Amino acid sequence: MKRAFIVFFLVFISFLNASFLIDVYHKDYGVIDRTVLVFDTRPQYEILKHESDLQINLIKCRKDVSLQKLDIINSKVITGLDYLVSEDKVMVMIDINTTQLLITGERYKVEGMELQGDVFKLVLDIFISTNPKTLSELTSYASFYETTGNIELTDKYNKLVVELHDKIKDQQENGTAQFTQDVTKKEQLKITDKLKSSVKNLSTKFDYKLIGVALGIIILLVIIIIIIIKLARRKTSAFDMDKDSIRPTDGFADRTYLEQVVKKLAAKNWEIEEIAKEIELPFEEVQKIIAPDLEQELEHL
């Protein structure tokens, strides 16, 4: 009975001296994750870094029963949290996103920090990318250090973000111009190739003898057209053409027909000058045909 009491007393004392894991939380910063373990008092701990997980051994420690396994999705750094509990020890297992490590070809890095206040905090900063090069990685670093209050590193990575952004923008503009030139050259080459192909197809389809016959016919037609034009010009030159009229000057018609035309035009109120010009007779002759009596009276006078 006395021995049992001693064992119970030792266990009770050990519980009094044990630390208590109150809470565990984390914040994602892209390629950086900050995980914080909260205790009532500073525990005895060791951090073991494995290839696919981070193990935190807490000696003489207990944990809150509400802390259970947690699966984390859409994180480039960690994929989950789990706990292994024994009589006097708690192990916190942080699973690392090895898929991301395979992409980057790097090994993850861990930086630890202790914060003592009303409670004790063990802060673990896990870097899945230790050599940031891309725009997203540099932005993650800048955001992380800005949030955690490191002004010097914030300015450093913000400057790198701006420089890389400008470089990418220049490359895109140059690439767009080069792409346009390449497309234009390709289109020109396509058109040239199509023309060459068309000419080649035509040359293979047509017999050169037929081309010769066609050219001969064309030349013959040109000669015939030239002869017809020359003959037409000679025929036109046989007529004595007036500057103001295309009618021949060897007479409009016989006298009887002329008088009939003059009288009809006069009946339609044509002026004597218009009639004379139209049928190509002197003014006096037209006047004589229209008013012979007036002409006789003028002669007596």
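The values are calculated or read from the model by the stated rules, or taken from the named source; none is laboratory data. Predicted, not measured: the structure shown is a model, and the values here were computed from it. Counting neighbours? That spans all protein chains shown, and the Cβs are built from the backbone with ideal geometry, glycine included. Protein only, heavy atoms only, side chains kept; ligands, DNA and RNA dropped before computing areas. Shrake-Rupley method; radii C 1.70, N 1.55, O 1.52, S 1.80 Å.
Annotations for the structure displayed:
- Compared with the alpha-carbon gap, the fully stretched path from Glu51 to Phe179 is longer by 41.7 nm at 0.36 nm per residue.
- Trypsin sites (Lys or Arg not before Pro) restricted to segment 37-70 and DSSP loop, no more than 16 other C-beta within 10 Å: Lys60, Lys69
- Calculated FRET efficiency, Lys156 to Gln116, Cβ-Cβ distance, R0 = 30 Å: about 0.55 to the nearest 0.05.
- Checking the Cα-Cα distances for Lys49/Lys133; Lys27/Lys159; Lys109/Lys159; Lys60/Lys121; Lys89/Lys109; Lys109/Lys167 against a 21 Å cut-off, the pairs over it are Lys49/Lys133; Lys27/Lys159; Lys109/Lys159; Lys89/Lys109; Lys109/Lys167.
- Taking the average, over residues, of other Cβ atoms within 10 Å as the packing measure, peptides 157-163, 184-190, 42-48 rank 157-163, 42-48, 184-190 from highest down.
- Against the empirical curve 2.2 N^0.38 Å, the C-alpha radius of gyration of segment 98-181 lands at a ratio of 1.49.
- The aspartates and glutamates whose alpha-carbon is closer than 17 Å to the alpha-carbon of Lys63, local same-chain residues fewer than 8 away aside, are Asp23, Asp40, Glu46, Asp82, Glu87, Asp88.
- Segment 11-108 - accessible surface per residue (Å², probe 1.4 Å): 56
- Solvent-accessible area per residue for segment 112-196 (1.4 angstrom probe, square angstrom): 69
- Qualifying lysines (Cα of each under 18 Å from Cα of Lys264; at least 8 residues distant if same chain): Lys277, Lys288
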